[in-house]
């Protein structure tokens, strides 16, 4: 059977607003029934990747920041956005691999929980390829990828009508100071780390991208195409 195709869209360094705008365009595209000119029957969606250009705190459907806290974070120079993914507050910024798979899970034969597990598996494999064999996923409420009690990859997704959005954020060389301003994902007593901190060398988003793409293709059993993104 032919593997479903997922379109690869790499934005490089981009604003979080640009990532959300592109995600919304793909969501509208996938809501069209497959087999039309706007959506070929073999297309399962898109893998949107970027490195956030500026610091931004995002607040999920469960909240997590008071108006006073939001004002304090903005005063530090960060943007604060309420978005439609699950979970509480987290941080995105330079040095982080931000991945938003906009996928029709029916085309991939996945349920929502297996999609989340697949994202975790991609991040775990990437960490191990980088020399961190102890990276692992943990059960809820500790969704994401961890090194002992230190979270290296956050995951928060949204799914409607079998179509996913949002995804994961993996800390490569992120300035971890930004996480100290909040309780990341509402988990008290845990820490946040990065590939650079754990490996004691500077690890860029560009360095880990090839390994992440290989892990994604194998985990999701799909092909990645590199056509132009939709208008």
Count of residues meeting criterion [part of a strand (DSSP E or B) and farther than 20 Å from residue 17 by Cα] in region 160-172: 2
Test: residue in region 101-109 that is free of Cβ contacts under 8 Å to residues at least 12 places away in the same chain and closer than 27 Å to residue 31 by Cβ: yes
Top-ranked residue in region 72-95 [being part of a loop (DSSP other than H, G, I, E, B), more than 16 Å from the chain's Cα centre (by Cα) and in contact (Cβ under 8 Å) with a residue 24 or more places away in the chain; ranked as farthest from residue 55 (Cα to Cα)]: 76
Residue in region 180-203 that is modelled with pLDDT of 95 or more, in a helix (DSSP H, G or I), closer than 28 Å to residue 6 by Cβ and out of contact with any strand residue (DSSP E or B) (no Cβ under 8 Å at 6 or more places or on another chain) present: no
Unmet criterion (only one of (1) closer than 30 Å to residue 109 by Cβ; (2) surrounded by fewer than 18 Cβ atoms within 10 Å (Cβ to Cβ)) for residue 181: (1)
Members of region 1-17 that are in contact (Cβ under 8 Å) with a residue 60 or more places away in the chain, surrounded by fewer than 18 Cβ atoms within 10 Å (Cβ to Cβ) and part of a loop (DSSP other than H, G, I, E, B): 3
Residue 154 farther than 23 Å from residue 44 by Cβ and in a strand (DSSP E or B): yes
Test: residue in region 165-175 that is at pLDDT 95 or above, surrounded by fewer than 17 Cβ atoms within 10 Å (Cβ to Cβ) and closer than 26 Å to residue 69 by Cβ: yes
Within region 191-215, tally of residues that are surrounded by fewer than 16 Cβ atoms within 10 Å (Cβ to Cβ) and touching a helix residue (DSSP H, G or I) at 6+ places or on another chain (Cβ under 8 Å): 1
Condition check for residue 49: at pLDDT 95 or above, farther than 19 Å from residue 225 by Cα and assigned to a strand (DSSP E or B): no
Selection from region 138-160 of residues that are surrounded by fewer than 21 Cβ atoms within 10 Å (Cβ to Cβ) and either at pLDDT 95 or above or over 30 Å from residue 31 (Cβ atoms) (or both): 138, 139, 141, 142, 147, 148, 149, 150
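The values are calculated or read from the model by the stated rules, or taken from the named source; none is laboratory data. This structure is a prediction, so every number in the text was calculated from the model and none was measured. With ideal geometry, Cβ positions are generated from the backbone for all residues, glycine too; neighbour counts draw on all protein chains shown.
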